[in-house]
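The block underneath contains the structure these notes are about, expressed in structure tokens.
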Amino acid sequence: MQFDSDEHPSSFDSIVAIDSAVDHLLAYGGVKIDQITGLIHGGMFTRGPADLNRTAAFFGGSDVAMTTRLFERAKGCFFGPIRISMMCDPNGANTTAAAAVLCAKRHLSLEHRKVVILGGTGPVGCRIAVLVAAQHGKVVLASRNRERAMAACDEIKSIVGDHATVEPVTITDSRAAVTCLREADAVFAAGAAGVELLHESWVESTSGLQVAIDLNAVPPGGIGQIEVADSGTVRGGVACYGAIGVGGLKMKIHRKSLQSLFETNEAVLDLNEIYQVGCEIECG
């Protein structure tokens, strides 16, 4: 069962489900918060406990906040062993963040490393920050709006814990972005589509940087000189990844996560669980 608050359920999510070998896909669009209990119960009560692992729920859609609310409401629908497995990946934010961080970890440990996230207050940027901070990385969360950056940092600390090292930074142009990269070990660009956050001169203007990951697939890219298909391409001593370069791992994580839902009726896959699926893929 695919639940989406958008009028039309995501075709992307539907196709990935089909490619993940589900036998039957029930896609629901325009789902409202007061409807989710009835929909979940419909999936629970039609089968006995021994067969509930054959039904699962996926929560997606472009409205990240609403998808999260639907997912949280669904968690309260179960009792005892009468439950079904669920996965939450609003607008692909969880699988994308997991894949991006794992791509970076191919080249360096994140512990005690300075990691700059440009466009960091969006869904993907915040999730990258959570994963990095949880591994004791030093996160610099950059935004054009300082209030939004500060609010995002507070939210990240509420998730990871007060020990998280997360610093809000205001960046208004590419020059300020380059300055922010001083002593940085890795940079992620997770801003809006078609917005260049870091001018191509960054390669010559930084030292010590080991990884640069641009998650923007719409021209112009978020980081100049990075090609959308880059997958560890070295430029100026920096391992570079573009959106498609990260996307290969993202798709593997998405499909394996969906498949794992049918191994049990008790799985609840959100950011951390999806990241662990990615870790298994990278180790395998």
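Some observations on this one:
- All told, Phe45 meets the bar of being over 30 Å from Thr179 (Cα atoms) and more than 23 Å from the chain's Cα centre (by Cα).
- Test: residue in segment 169-181 that is farther than 20 Å from Gly242 by Cα and in a strand (DSSP E or B): yes
- Criterion violated by Val22 - all others in (1) in contact (Cβ under 8 Å) with a residue 60 or more places away in the chain; (2) of a type outside the set (Ser, Thr, Tyr); (3) part of a loop (DSSP other than H, G, I, E, B); (4) surrounded by fewer than 18 Cβ atoms within 10 Å (Cβ to Cβ) satisfied: (4)
- Residue match in segment 87-99 (condition: more than 17 Å from the chain's Cα centre (by Cα), not hydroxyl-bearing (Ser, Thr, Tyr) and not assigned by TED's automatic domain parsing to the domain that holds Val187): no
- Residue match in segment 241-255 (condition: under 24 Å from Cys279 (Cα atoms), among the hydroxyl-bearing types (Ser, Thr, Tyr) and over 20 Å from the mean Cα position of the chain (by Cα)): no
- Residues located in segment 215-247, provided they are farther than 18 Å from Val203 by Cβ and exposed (fewer than 14 other Cβ atoms within 10 Å of the Cβ): Val218, Pro219
- Subset of segment 44-62 [outside any helix (DSSP H, G or I) and loosely packed, with under 15 Cβ neighbours inside 10 Å]: Phe45, Thr46, Gly48, Ser62
- Verdict on His41 being part of a loop (DSSP other than H, G, I, E, B) and out of contact with any helix residue (DSSP H, G or I) (no Cβ under 9 Å at 6 or more places or on another chain): no
The values are calculated or read from the model by the stated rules, or taken from the named source; none is laboratory data. All figures in this text were calculated on a predicted structure; none of them were measured in a lab. Quick reminder, even Gly has a Cβ in these numbers, built from the backbone with ideal geometry, and neighbours come from all protein chains shown.
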